[in-house]
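Student: One structure follows; several queries about it will come next.
The values are calculated or read from the model by the stated rules, or taken from the named source; none is laboratory data. All values derive from a computational prediction rather than experimental measurement. FYI the Cβ positions are ideal-geometry reconstructions off the backbone, even for glycines, and counts take in every protein chain you see.
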Amino acid sequence: PRGLQRYDGVDFLLGRAVQLSGTPNNLLDVEFPARSAKLDAGMQRIAAVDALVFQFKAVPGEVGSIVLHYADGGEARLSLIEGRDTEKSWDDESDASTLRIGWLGNYSTAMYVYGLDSSGEATMARSYVAHLANPQPARAVKSISLLAPPAASPGLLFLALTVEPASPTAPAAE
């Protein structure tokens, strides 16, 4: 669906997604970048970012990250971690109680052509809502970019981001 959608209590405005790919073992590497273009954040102080993501394949450790580009030139990397923000594998239910499921449904047969194990229709798929706190919410954020680590093959599909503004009473960075 497109438009305003609520997943696990978070509103997301769904439009076009951003597909990233890690390198070098990715069949989709030719089509998708390892890093997105910078998304303008409008010079605002951000307390946290909620990401609605879909993980095509289990990757140990970091599966992707959101990079906050501060107005003063600094950066903060907010990592999405397998087992904390996404499941360890599609059929691993051992840690499902701690994850925030965004959407649950059947996996499309279209991805079978990319060498995935299932023909799709009987395979359950999930998107996840990950809440990532900004370590320095008093600093103004100029832009946001998305990053796939080299091991992420094919990487995360970022369906949407929602930013949580910092409290107006929080002290500003000096």
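Student: Test Leu28 against the criterion of being at pLDDT below 85, touching a helix residue (DSSP H, G or I) at 6+ places or on another chain (Cβ under 8 Å) and surrounded by 14 or more Cβ atoms within 10 Å (Cβ to Cβ), and give yes or no.
Tutor: Yes: the conditions hold for Leu28.
Student: Can you confirm whether region 105-123 contains a residue that is within 22 Å of Arg2 (Cα to Cα), modelled with pLDDT under 95, out of contact with any Phe, Trp or Tyr (no Cβ under 7 Å at 6 or more places or on another chain) and assigned to a strand (DSSP E or B)?
Tutor: yes
Student: Can you name the residue in region 50-97 that is at pLDDT 95 or above and touching an Asp or Glu at 6+ places or on another chain (Cβ under 8 Å) and, of all such residues, is farthest from Ala133 (Cα to Cα)?
Tutor: Ranking the qualifying residues of region 50-97, first place goes to His69.
Student: Shifting gears a bit: Would you mind stating whether Leu39 is buried (at least 20 other Cβ atoms within 10 Å of the Cβ) and in contact (Cβ under 8 Å) with a residue 40 or more places away in the chain?
Tutor: no
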